[in-house]
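The values are calculated or read from the model by the stated rules, or taken from the named source; none is laboratory data. Predicted, not measured: the structure shown is a model, and the values here were computed from it. Quick reminder, even Gly has a Cβ in these numbers, built from the backbone with ideal geometry, and neighbours come from all protein chains shown. Areas reflect the complete protein model, heavy atoms only, side chains present, ligands, DNA and RNA absent. Shrake-Rupley method; radii C 1.70, N 1.55, O 1.52, S 1.80 Å.
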Amino acid sequence: MEISTVNLKRVFWITTAAIIILVILGYEEYRYWQLYQTNTLLVIEINELRQSVTSVTADLLRSKSEASGLVEVLQTEQNKNAAFEAQIEGISQAVRAIQKLSSADQELLKKYSKVYFLNENYVPTQLTSIDSRYIYNKSKPQLIHTGVLPYLNTMLGIAEHNGIKMQIVSAYRSFYDQVSVKIGYKISYGTGANKFSADQGYSEHQLGTTVDFTTPEIDNSFSKFVKTDAYKWLNENAYRFGFMLSYPQNNLYYQFEPWHWRFIGINLATKLHNENKYFYDLSQQEINQYLISIFD
C-alpha cells in the first residue's frame with residue numbers, strides 16, 4: 001500500500017517535534033544537573049566560609065582577650081611608674097625644701113623684741129641701698145636686705161601711683177647703730193625710751209627687713225603718722241607686699257608704733273591680715289613654718 005505524501009510530511013513534523021522536545025528536555029535536565037552541582041559547591045564553600053569566619057572570630061576574640069590582658073598589664077605598670085615618679089618628686093621636693101631651709105637665714109622671722117637676741121656680729125647676708133628718692137634724709141643713705149628690696153620698691157611705687165608718698169627715715173641698723181640710737185633716746189627721754197626703743201640686739205632693724213616710714217607733710221614727727229593717709233593705706237595694703245605692723249595698739253612689747261613695718265613674707269603677712277592678727281600674736285613654732293617661703 002502506497003503512503004501518501006501528506007502522511008509522510010505529518011510523520012516528519014511529528015518526529016521533528018518529538019526530537020526537539022527531547023532535546024529541550026535533555027538540555028533542561030542538563031542545566032538542572034549543572035545548577036545542582038553549582039549549588040552543591042556553593043553550599044560547600046559557604047560552609048567552609050562559615051567555618052573560616054567562626055575560626056577568625058574565635059581568633060579575634062582570643063586576640064582581644066590577650067590584648068585586654070596586655071592593656072591591663074600595661075596600665076598596671078604605668079600606674080606603678082606614676083606612683084614611683086610621684087614618690088621621687090615628693091622626695092625631690094623634700095630635699096629642695098631642706099636645702100632651701102638650710103640655706104635660709106634662720107634669724108629673719110625670730111621674735112626679737114625682748115624675746116630673742118641678736119649679737120653684735122650679726123649682719124644680713126646681703127644689704128642693698130634703697131633708692132634715694134624714697135629716703136627722708138638724702139644725706140643719710142639707708143640699706144635694706146637685698147631680698148626685701150624688690151617688695152619694698154613695688155609697694156612704694158604702687159602707693160605713689162595711688163597718691164600716697166612715703167619716705168623712709170630708718171631701715172637697717174647695726175648692733176652698734178642701735179646702741180647710738182638708744183643712748184640718744186635715753187638722753188632725751190630717760191627710762192621712758194624703753195617704751196619705744198629696743199636695746200641693742202633686740203631691734204628688728206638689725207635684721208635689715210624693717211623700715212620706719214614718714215611722709216613729707218609730717219616730716220620726722222612719728223607721732224603724727226597714725227593720722228596720715230599713708231598709715232591707712234599701709235593697713236589696707238602692706239600685707240600684699242609682705243609687710244606687717246610690728247607694734248599695734250595694746251601690744252606687750254613697745255608703745256604703738258604705726259610707722260614701724262617689718263617684712264615677713266607675703267604668705268605669713270596674708271595669713272595674719274586675714275585672721276586679724278599680728279606677728280607677735282603667733283608662737284615662734286607657727287612663724288618658723290613660713291621661713292622657707294619668706295621671699296617667694
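Numerical summary
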{"read-out": "The chain - percent of accessible surface contributed by carbon and sulfur, probe 1.4 Å", "value": "57"}
{"read-out": "Accessible surface, 1.4 Å probe, highest first, among residues Lys111, Lys271", "value": "Lys271, Lys111"}
{"read-out": "Span-like helix ranges in the chain, DSSP H, alpha carbon extent 15 angstrom or more, Kyte mean at least -1.0", "value": "5-103, 149-161, 175-189"}
{"read-out": "Pairwise FRET efficiency - Thr54 versus Glu28, Cβ, R0 = 51 Å, nearest 0.05", "value": "0.85"}
{"read-out": "Exposure ranking of Ser139, Ser221 by accessible area [1.4 Å probe, largest first]", "value": "Ser139, Ser221"}
{"read-out": "Note, ³J(HN,Hα) from phi for region 134-139, Karplus 6.51, -1.76, 1.60, rounded to Hz, x at Gly and Pro", "value": "9, 8, 5, 9, 4, 7"}
{"read-out": "With all protein chains modelled, accessible area of Arg240 [1.4 Å, Å²]", "value": "110"}
